[in-house]
Amino acid sequence: MKQKILLIFQDWQFKLDNDEWYFQNAFEELTIGLTPVEAYDSIPTIIEVLFEMEDHFLIEETMDILLGIYHIADTTEIHPFIEMQQIEQHLDKYHSVYGKVCLNELKRLLRID
């Protein structure tokens, strides 16, 4: 999954210029046929990608992927790999406003205050 996400992010500006739905289409291709268990098991990989990203736009897209994966996993169980404080610090470091919106949505989904 990590390589697929990194491939999606490669030359993303060009791809997005040619297709305004590029990220939505790429996410659908990434997750097609993914079972809830496979989605849940992919969460650590997505978090790893998140921490590798330094561009706020890609951070936000990764947060979108994480949120979408959690919806596919169809659980409110907090994955043991998730450290909310570290994620929040990363979002703050790169001034990711929409990333924080996604994080708040994730917290709501996971029933975290």
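The values are calculated or read from the model by the stated rules, or taken from the named source; none is laboratory data. Fair warning: this is a prediction, and the values are worked out from it, not measured in the lab. With ideal geometry, Cβ positions are generated from the backbone for all residues, glycine too; neighbour counts draw on all protein chains shown. Ligands, DNA and RNA are stripped out before the accessible areas are found, and what is left, the full protein with its side chains, is counted by its heavy atoms. Shrake-Rupley method; radii C 1.70, N 1.55, O 1.52, S 1.80 Å.
Can you tell me which residue among Glu28, Glu54 is out of contact with any helix residue (DSSP H, G or I) (no Cβ under 7 Å at 6 or more places or on another chain) and part of a loop (DSSP other than H, G, I, E, B)?
Details: Glu28 fails: part of a loop (DSSP other than H, G, I, E, B).
None of the others qualify; the one that does is Glu54.
Which one is surrounded by the most Cβ atoms within 10 Å (Cβ to Cβ) among residues in the stretch 50-93 that are of a type in the set (Ser, Thr, Tyr) and free of Cβ contacts under 8 Å to residues at least 40 places away in the same chain? Restricting to residues being of a type in the set (Ser, Thr, Tyr) and free of Cβ contacts under 8 Å to residues at least 40 places away in the same chain, the top hit is Thr75.
Taking the criterion of being among the hydroxyl-bearing types (Ser, Thr, Tyr) and open to solvent by 10 Å² or more (accessible area, probe 1.4 Å), the residues of the stretch 94-113 that qualify are Tyr94, Tyr98. Within the bounds of the stretch 42-49, is there any residue that is part of a helix (DSSP H, G or I), open to solvent by less than 90 Å² (accessible area, probe 1.4 Å) and either more than 15 Å from Lys2 (Cα to Cα) or small (Gly, Ala, Ser) (or both)? No: zero hits.
Residues of the stretch 62-97 being part of a helix (DSSP H, G or I) and more than 23 Å from Glu29 (Cα to Cα), which ones? Met84, Gln85, Gln86, Ile87, Glu88, Gln89, His90, Leu91, Asp92, Lys93, Val97, listed by residue number. Selection of first residues in the stretch 1-18 that are open to solvent by 100 Å² or more (accessible area, probe 1.4 Å) and of second residues that are in a helix (DSSP H, G or I), restricted to Cβ pairs under 8 Å at least 6 apart or on distinct chains, gives the following pairs, ordered by first then second residue: Lys4/Leu30.
Filter the stretch 38-94 down to the residues that are touching a Cys at 6+ places or on another chain (Cβ under 8 Å) and not charged (D, E, K, R), then identify the one that is nearest to Phe9 (Cα to Cα). Steps first, please.
Within the stretch 38-94, the first condition is being touching a Cys at 6+ places or on another chain (Cβ under 8 Å), and the residues that meet it are 60, 63-64, 66-67.
Now narrow it down to the ones that are not charged (D, E, K, R): 63, 66-67.
Values: Met63: 13, Leu66: 15, Leu67: 17 Å.
Result: Met63.
Among Ile47, Ile43, which is closer than 16 Å to Lys107 by Cβ, of a type outside the set (Phe, Trp, Tyr) and either touching a His at 6+ places or on another chain (Cβ under 7 Å) or free of Cβ contacts under 8 Å to residues at least 12 places away in the same chain (or both)?
Values: Ile47 fails: either touching a His at 6+ places or on another chain (Cβ under 7 Å) or free of Cβ contacts under 8 Å to residues at least 12 places away in the same chain (or both).
Going through Ile47, Ile43 in turn, just one is closer than 16 Å to Lys107 by Cβ, of a type outside the set (Phe, Trp, Tyr) and either touching a His at 6+ places or on another chain (Cβ under 7 Å) or free of Cβ contacts under 8 Å to residues at least 12 places away in the same chain (or both): Ile43.
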